[in-house]
Every structure is written in structure tokens, then in C-alpha cells.
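K.L.:
Here's a structure for you.
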Amino acid sequence: MIRIMILLLVCLVALLLAAAAWQRQLLYFPTHHADSNGLSEWRHDGGLIGYAREVAAPKNVWLLMHGNAGQASDRVYALSSFSKEDAVFILEYPGYGARRGTPSRHSFDAAARQGYRDLRARFPKTPVCVAGESIGSGAACVLAMEPVPPEKIVLVVPFDTLLRVAVHHFPYLPVRIFLADNWDNTASLKAYPGRVEIFAAKDDDIIPPAHAKALADSKPGAVFHVIEGGHNDWSTRGTVAIRNP
């Protein structure tokens, strides 16, 4: 009986390790090139935590959490959606680019809090707002629960819960068991007192627009837009303006 119990325990551990590896392969696609694409390095306590387009005396400071592929310096395509009078700081996730660590919900959320608090300290008299793209909407919404929350949160091609997206793509698999990194944006935004603006892509087959609509419907006062194109087209059509107010 003891041997059977040990065997079952070993099998359970192996299953959990396999599930964690499967989840990482499914969710996270980092790159690690050294090209800054003309952006300034954003450092905290000597470590590189992202890249930035800085401006003198910004009207707003934006923290951008990007999607699950590539790295922070790739997000120069998003800058045209922001006002030229605003500074934009793009967070580098742990395990992406040159930043050490392992991608996970925990590490993303911790990095988002660190970056947000750094910007609050650097710009104490300037509105600090948050934008989240795709999977980055998870860490963006977590910041809604900060003691001093962002003045505004803008979400582009987001989800309500990551679990619901996973179930949509894998309806016959027990994803509820395997998906440890389940951001729940609906819960994160529930008590947020600031403004929320959400953009869904009409032809999005990665995060179907119904998920963004469900998130918007869960948050009274949220401004909801449906734009043309697919999941990765939002910055190329000039239809997403990320602004405060």
C-alpha cells in the first residue's frame, strides 16, 4: 500500500510539472534580442525593467503592459496610439528580453507593481495611467487594487478571465486543472474607482471580442469600443487612441 501511495504521489508530481510546462508553452513566447529600437532604457535599482519614450514635463505618464510574445522594446508600434505629450514606459516581463526570471502570473504581477510604484515615486505630481494589451491586461488590472490606483486604465484586446479564453480554445481539455495562471480581470476591476476604456477587435480569433464585452459589462461606466481587424491589428489602423482624460 505504501508503494502504491508513493507511486501515485510521484505520478501526481509528474502531472503537475507537465501541466506547468504545458502552460508556459501555451502562454509565454519571449524573445531576447538586444535592440532598443530607439527607446530609452528604464532601470530600477540598477536593473533593466523596461524601455521608455520619455518627454519633458509629460501631461500623463503611461505604464504599458504588452502581450505575451516578443519583448518590451518591440512595442514601438504602440507609441502612435499615445499622445506625444505623454511619457510611455513599457514594462519588460521577467524572462523576457534581458530581464532575468521566469514568466508567470506571479512574476508578471510583481513586476507590474514594481514598475508602477517606481513611476509613482518618480512622477508624484503627474497622473500615472496604465494600459494593457492582450495578456498584459491581466497585470494591468491587478494595479487597479493598488493603494493609490492609476488615474485611468485602458485595455486593448483584453479578456474577462483567462480561464474562459482557455476553455474557448480547448473545450475538451480539463484546463481548469492545468491553468494556474488564471488572471481574473473582472474581479480585479470590481472596486476600481477610476476610468476604464476597453477596445475589442472585431475579428479577434485569439481573444474573441465577447470576452472584452463581458469585461466591459461587468464594470459600470466602462467605455467600450469595437474596432476593425484581428488581435494584432489594433495599432496599425489608427483607431485606438490611448488618452487621459
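K.L.:
Residue by residue through region 22-72, note down the ones that are part of a loop (DSSP other than H, G, I, E, B) and hydroxyl-bearing (Ser, Thr, Tyr).
P.N.:
Hits for region 22-72 are Tyr28, Thr31, Ser36.
K.L.:
I'm trying to understand the selection: among the residues of region 80-112, which are more than 15 Å from the chain's Cα centre (by Cα) and surrounded by fewer than 19 Cβ atoms within 10 Å (Cβ to Cβ)?
P.N.:
Ser80, Ser83, Lys84, Glu85, Ala98, Arg100, Gly101, Thr102
K.L.:
Name the pairs: first residue in region 167-190 and of a type in the set (Phe, Trp, Tyr), second residue at pLDDT 90 or above and assigned to a helix (DSSP H, G or I), Cβ to Cβ under 8 Å, at least 6 apart or on different chains?
P.N.:
Trp183/Arg105; Trp183/Ser137; Trp183/Gly138; Trp183/Ala139; Trp183/Cys141; Trp183/Val142; Trp183/Leu162
K.L.:
Just checking, how many residues over region 169-194 are over 18 Å from Asn68 (Cα atoms) and at pLDDT below 95?
P.N.:
Result for region 169-194: 9.
K.L.:
Another question about this same structure. Just one of the numbered conditions (1) among the acidic types (Asp, Glu); (2) crowded, with 18+ Cβ neighbours inside 10 Å; (3) closer than 26 Å to Pro245 by Cβ is not true of Asp181; which one?
P.N.:
(3)
K.L.:
Which one is farthest from Pro30 (Cα to Cα) among residues in region 73-112 that are outside any strand (DSSP E or B) and of a type in the set (Val, Ile, Thr)?
P.N.:
Among those residues, the one meeting the criterion is Val76.
K.L.:
Another question about this same structure. Check region 127-149 and report whether any residue there is hydroxyl-bearing (Ser, Thr, Tyr) and under 22 Å from Arg53 (Cα atoms).
P.N.:
yes
K.L.:
If you don't mind, there's one more thing I want to ask. So the check is Cβ under 6 Å with 6+ separation or different chains; which pairs have a first residue in region 105-123 that's hydroxyl-bearing (Ser, Thr, Tyr) and a second one that's crowded, with 16+ Cβ neighbours inside 10 Å and assigned to a helix (DSSP H, G or I)?
P.N.:
Pairs that qualify, where the first residue is hydroxyl-bearing (Ser, Thr, Tyr) and the partner is crowded, with 16+ Cβ neighbours inside 10 Å and assigned to a helix (DSSP H, G or I), are Tyr116/Leu143.
The values are calculated or read from the model by the stated rules, or taken from the named source; none is laboratory data. Please read all numbers here as calculations on a predicted model, not as lab measurements. No Cβ is skipped: glycine too gets one built from the backbone with ideal geometry, and neighbour counts run over all protein chains shown.
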